[in-house]
Amino acid sequence: MKNKGLTMTIVFEAESANYGEGYNNITTLKKLTRGDGNTYTYISRQALRYNIIEQMKYDNTPVEANGKGDKKVIQFTPDANIDKYPEIDLFGYMKTKEGNGAETRNAVVRLSNAISLEEFEGDNDFLTNMGLAKRINSNNSIAQSEIHKSYYSYTIVVDLDKVGIDGELEISEDEKKNRVKNLLRTIQFLYRDIKGRRENLSPVFVIGGVYDIKNPFFENRIKLSKNKLDTKILKDIIESDEEIKSHTEIGYIEGIFANNDDIKENLKAIKVNEFFNNLVKKVEEEC
């Protein structure tokens, strides 16, 4: 593939999609606090990676416990190579051979955390297993779980020229493209199973393209207020460079945000499925 970078910043809507360790009978969401004093929930990049790999059906790379005693870590087996296992081609690896140190491959596909665009207000859900308890006329303890429904934004970056190449080992151009196209289709229809729910992580808004400049242009640039997406920030970035202007497209599900007409007119948004179809064509033709 040519020396190009693919980047997309994606917005989706989800509820309570990544929990932390919790304490006692309280289950807590993963959260962070910004300088404005507000708290935001997030879905970790590791969680996103897990769902992407699983739904791409690439979660078959062999692993082993490496080390001694309580210090063992789970790593990919030394004989796992990128030609047979697309997971480590796209998301990198660390493999250790005793006496030979560690062998690593940097990720070709990089993900950011998916951070909520709406602040967390401390909402909680109280849970019981009353349905089963009633069967034996028993009382049931109450569990507490934090809940947050919000739009989330994350960015994905792909070094297209590094797909399918690991030292002297290189796969065919067709297989390189197939792996990237599989990734794009998975992102388009991504979901996450959590606590008996299936959350739809497919984009309601997506902006990006294939560029000569390998930069996540739109990362941390998605702003939302009163269900209105800030189009001025995005338009300023698009207009800042001819490379960005020429190769950026926006996909949008109509009727999601309050400033629907603004998004369509000022950002020239197309349908989400058209966005992904066009991106797949670019990977096929230009890379």
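The values are calculated or read from the model by the stated rules, or taken from the named source; none is laboratory data. Computed from a predicted structure; not experimentally measured. Here the Cβ is made from the backbone with ideal geometry for all residues, glycine too, and neighbour counts use every protein chain on show.
Numbers below:
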{"item": "Residue in region 117-125 that is among the polar types (S, T, N, Q), outside any helix (DSSP H, G or I), within 30 Å of Leu229 (Cα to Cα) and modelled with pLDDT under 95 present", "result": "yes"}
{"item": "Residue that is farthest from Glu64 (Cα to Cα), among those in region 74-109 that are in contact (Cβ under 8 Å) with a residue 60 or more places away in the chain and not charged (D, E, K, R)", "result": "Val109"}
{"item": "Candidate set: region 126-148, residues that are at pLDDT 75 or above and surrounded by 12 or more Cβ atoms within 10 Å (Cβ to Cβ); chosen: the one nearest to Leu201 (Cα to Cα)", "result": "His148"}
{"item": "Some residue of region 254-274 being β-branched (Val, Ile, Thr), over 22 Å from the mean Cα position of the chain (by Cα) and surrounded by 18 or more Cβ atoms within 10 Å (Cβ to Cβ)", "result": "yes"}
{"item": "Among (1) modelled with pLDDT under 95; (2) surrounded by 16 or more Cβ atoms within 10 Å (Cβ to Cβ), the one test that Val157 misses", "result": "(1)"}
{"item": "Region 11-56, residues that are touching a Lys or Arg at 6+ places or on another chain (Cβ under 8 Å), of a type in the set (Asp, Glu) and under 17 Å from Asn124 (Cα atoms)", "result": "Glu15"}
{"item": "Leu160, sole failed condition from (1) over 30 Å from Tyr85 (Cα atoms); (2) touching a strand residue (DSSP E or B) at 6+ places or on another chain (Cβ under 9 Å); (3) not small (Gly, Ala, Ser)", "result": "(1)"}
{"item": "Any hit, region 142-164, residues being more than 26 Å from Ala17 (Cβ to Cβ), among the β-branched types (Val, Ile, Thr) and assigned to a loop (DSSP other than H, G, I, E, B)", "result": "yes"}
{"item": "Wholly enclosed helices (runs of 4 or more DSSP H) of region 196-287 bearing at least 2 residues over 27 Å from Asn18 (Cα atoms), in contact with a Ser or Thr (Cβ under 7 Å, 6 or more places away or on another chain) and of a type outside the set (D, E, K, R)", "result": "260-266"}
{"item": "Any hit, region 164-180, residues being modelled with pLDDT of 80 or more and either touching a His at 6+ places or on another chain (Cβ under 9 Å) or farther than 20 Å from Ile82 by Cα (or both)", "result": "no"}
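One line per residue, one yes/no per condition, for (1) charged (D, E, K, R); (2) over 16 Å from Thr9 (Cβ atoms); (3) surrounded by 13 or more Cβ atoms within 10 Å (Cβ to Cβ):
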site: Lys176; (1), (2), (3): yes, yes, yes
site: Thr186; (1), (2), (3): no, yes, yes
site: Ser202; (1), (2), (3): no, no, yes
site: Phe205; (1), (2), (3): no, no, yes
site: Val210; (1), (2), (3): no, no, yes
site: Ile213; (1), (2), (3): no, no, no
site: Ile222; (1), (2), (3): no, no, yes
site: Asp236; (1), (2), (3): yes, no, no
site: Glu239; (1), (2), (3): yes, yes, no
